[in-house]
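So the structure is just underneath, and the comments pick up after that.
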Amino acid sequence: MSAPTATADAEPMNRRQTLEALSGLLLVLFVAMLSSTVVSTALPKIIGALNGSQTQYTWVVTATLLTATATTPIWGKLADLFNKKLLIQVAIVVFLAGSVAAGFAHSAGQLIAARAFQGIGVGGLQALVQVAIAAMIPPRERGRYNGYLGGVMALATVGGPLLGGLIVDTSWLGWRWCFFVGVPVAVIALILLQVTLHLPTARRDNVKIDYLGATLIAAGVSLLLVWISFVDDSFAWLSWQTGAMVGGSVLLLALAVLVESRAAEPVVPLEIVRERTTALAILGSLAVGMAMFGGAVFLGQYFQIGRGYSPTEAGLLTIPMMAGVLLSSIVAGRLITASGKIKPYIVAGSVILVAGFALLGTIDHETSLVLVGAAMFVVGVGVGMTMQNLVLAVQNTVTLKDIGAASSTVAFFRSLGGTIGVSVLGAVLARRVTDRITHDLAAAGIPTSGGSGGSTLNLAALPEPVRNIVRAAYGDATGHIFLISAAIAVVGILAALLLKPVTLRSSLDLPDTARSVAVAADAVDGAPAFDEVAVDVTGPGERARR
């Protein structure tokens with residue numbers, strides 16, 4: 001295969017152009033996150049209007065995470081081979097199509113299918129935005145920009161639930177606008193990126209895309225997640241269905257590893273995954289994803305079903321968590337840029353995250369909202385200090401030409417953890433709620449033969465005594481899944497402690513790589529602010545490790 005040739009398809013970006021392009025990328029990241037957060041508080045009403053069940057409630061979230069997870073490494077690898085800007089725009093178009101389809105859904109099944117298609121675009125956006133930023137800003141400077149990422153994350157996660165609540169509470173809008181509302185924002189992002197983003201393209205001759213490896217990874221992960229979603233509900237843990245699904249998933253993923261080890265352009269380069277920092281960041285991201293997505297996705301359900309608040313009120317009640325994310329990401333990002341050290345902040349964030357989930361594990365349907373808000377703030381601080389910095393730690397260890405595969409690999413495992421977390425915790429919640437409702441209905445002398453109390457989230461259709469029992473069941477069961485989230489997040493602490501203490505580099509590419517291809521690096525870099533691209537400022541110790 002021919003060596004890659006770096007060619008700029010536009011004038012080099014100066015600092016002002018970099019900030020302009022960053023604004024477009026952050027808008028893309030915002031609309032991708034908004035697609036999930038805007039439905040978080042609205043989902044109980046959406047599923048109620050479509051007469052869906054608790055299983056379908058979970059799958060509306062899981063479907064997007066599943067397809068986003070399966071396609072993230074593919075998008076990332078494509079970014080190392082083709083025009084990053086064009087790929088981002090393609091991902092936006094896919095996202096737009098999925099959003100429109102979800103808005104026109106007339107059943108829970110149609111909504112789940114549309115959200116699955118939308119997830120393909122989300123997978124591209126969450127991987128490619130990180131890749132594009134890494135192609136513009138050196139790792140050490142990137143710590144400062146993590147504050148902007150944290151701000152976008154906080155705005156989308158606070159504004160999304162609030163916006164979703166307002167939409168479903170406004171009679172002349174309706175829940176369908178929870179999906180339509182992201183369309184104009186995505187269109188604006190598409191136009192803004194066309195005008196402001198000018199990244200060089202690494203053109204390669206005889207490019208070979210590993211279609212077989214990508215198919216095997218997507219199939220193996222999807223089959224595993226389908227099993228997680230249905231086990232102990234539709235069939236037993238020890239059953240032929242479990243054997244077929246788990247065995248098939250293991251076989252597919254084993255074949256994927258074999259294919260990836262021999263492919264000329266593997267989707268997930270195994271030499272990157274085997275590197276210590278990357279491996280530990282993957283483990284940490286897996287744990288953070290399981291805890292964060294798996295726990296936080298049920299907060300809207302807790303406030304509405306367990307506590308009886310409206311969707312708008314539930315959105316407002318999530319503000320403490322996002323305040324923690326915003327504050328910690330900005331402060332930690334600036335401290336990381338100033339010192340060049342990243343491990344202490346990842347370790348501290350991991351510990352804080354576990355503490356926050358442990359506090360949330362004590363809640364029930366009568367817990368003081370002050371205590372719930374304080375616990376959510378602590379969780380937000382932990383998320384803000386860990387999530388983006390784990391990606392940054394990996395980006396610091398790889399060459400610029402592999403930044404797409406490395407970034408998307410971490411995002412892949414974080415999404416995988418989130419999907420597993422949502423599926424597993426959703427199944428645990430559904431089982432505990434069903435058992436509690438059955439027990440309390442029997443204790444109250446209410447017939448349980450219909451079982452409708454636990455099969456629908458449309459509380460307005462239930463008699464008041466049953467409605468109260470359902471609320472208490474959901475409120476009390478939610479604390480249990482946060483305890484499980486805390487236990488899972490402990491793995492993140494162990495991974496963070498084992499990370500090597502390193503100083504972030506101040507060059508776009510690894511110094512040795514940049515020095516050997518100085519002319520090409522200058523063509524790729526181009527920005528006056530990054531003239532030191534070929535200068536190693538990290539000291540002899542880090543050079544020796546490299």
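The values are calculated or read from the model by the stated rules, or taken from the named source; none is laboratory data. This structure is a prediction, so every number in the text was calculated from the model and none was measured. All Cβ positions, even for glycine, are placed from backbone atoms using ideal geometry, and neighbour counts span all protein chains on display. Quick note on the areas: whole protein, heavy atoms, side chains included, nothing else; ligands and nucleic acids left out. Shrake-Rupley method; radii C 1.70, N 1.55, O 1.52, S 1.80 Å.
Things to note:
- For region 394-423, the set of residues classified as among the β-branched types (Val, Ile, Thr) and part of a helix (DSSP H, G or I) consists of Val394, Ile403, Thr409, Val410, Thr419, Ile420, Val422, listed by residue number.
Quick grid of which residues meet (1) surrounded by 19 or more Cβ atoms within 10 Å (Cβ to Cβ); (2) in a loop (DSSP other than H, G, I, E, B):
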| position | (1), (2) |
| --- | --- |
| Phe303 | yes, no |
| Gly315 | yes, no |
| Ser329 | yes, no |
| Gly333 | yes, no |
| Ala348 | no, no |
| Asp364 | no, yes |
| Gly373 | no, no |
| Leu392 | yes, no |
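- Residues within region 215-264 that are under 25 Å from the mean Cα position of the chain (by Cα) and charged (D, E, K, R), tallied: 1
- Taking the criterion of being open to solvent by 10 Å² or more (accessible area, probe 1.4 Å) and among the polar types (S, T, N, Q), the only residue of region 377-390 that qualifies is Gln388.
- Any hit, region 248-268, residues being touching a Phe, Trp or Tyr at 6+ places or on another chain (Cβ under 9 Å), in a helix (DSSP H, G or I), modelled with pLDDT of 75 or more and among the aliphatic types (A, V, I, L, M): no
- Screening region 36-61 for residues that are in a helix (DSSP H, G or I), of a type in the set (Gly, Ala, Ser) and in contact with a helix residue (DSSP H, G or I) (Cβ under 8 Å, 6 or more places away or on another chain) and picking the one that is surrounded by the most Cβ atoms within 10 Å (Cβ to Cβ) gives Ser36.
- Test: residue in region 373-391 that is in contact with a Leu (Cβ under 8 Å, 6 or more places away or on another chain) and without any contact (Cβ under 8 Å) to a residue 40 or more places away in the chain: yes
- When residues in region 2-29 are screened for being open to solvent by 40 Å² or more (accessible area, probe 1.4 Å) and modelled with pLDDT of 70 or more, 6 of them pass.
- Residues of region 242-253 that are loosely packed, with under 15 Cβ neighbours inside 10 Å and of a type outside the set (A, V, I, L, M): Gly243, Gly247.
- In region 188-233, the residues that are at pLDDT 80 or above, open to solvent by 40 Å² or more (accessible area, probe 1.4 Å) and either of a type in the set (D, E, K, R) or under 28 Å from Ala132 (Cβ atoms) (or both): Ile188, Leu190, Ile191, Leu192, Gln194, Val195, Leu212, Thr215
- For region 394-431, the tally of residues that are open to solvent by less than 10 Å² (accessible area, probe 1.4 Å) and under 14 Å from the mean Cα position of the chain (by Cα) stands at 11.
- Residue within region 439-456 that is at pLDDT 60 or above and on the phi > 0 side of the Ramachandran plot present: yes
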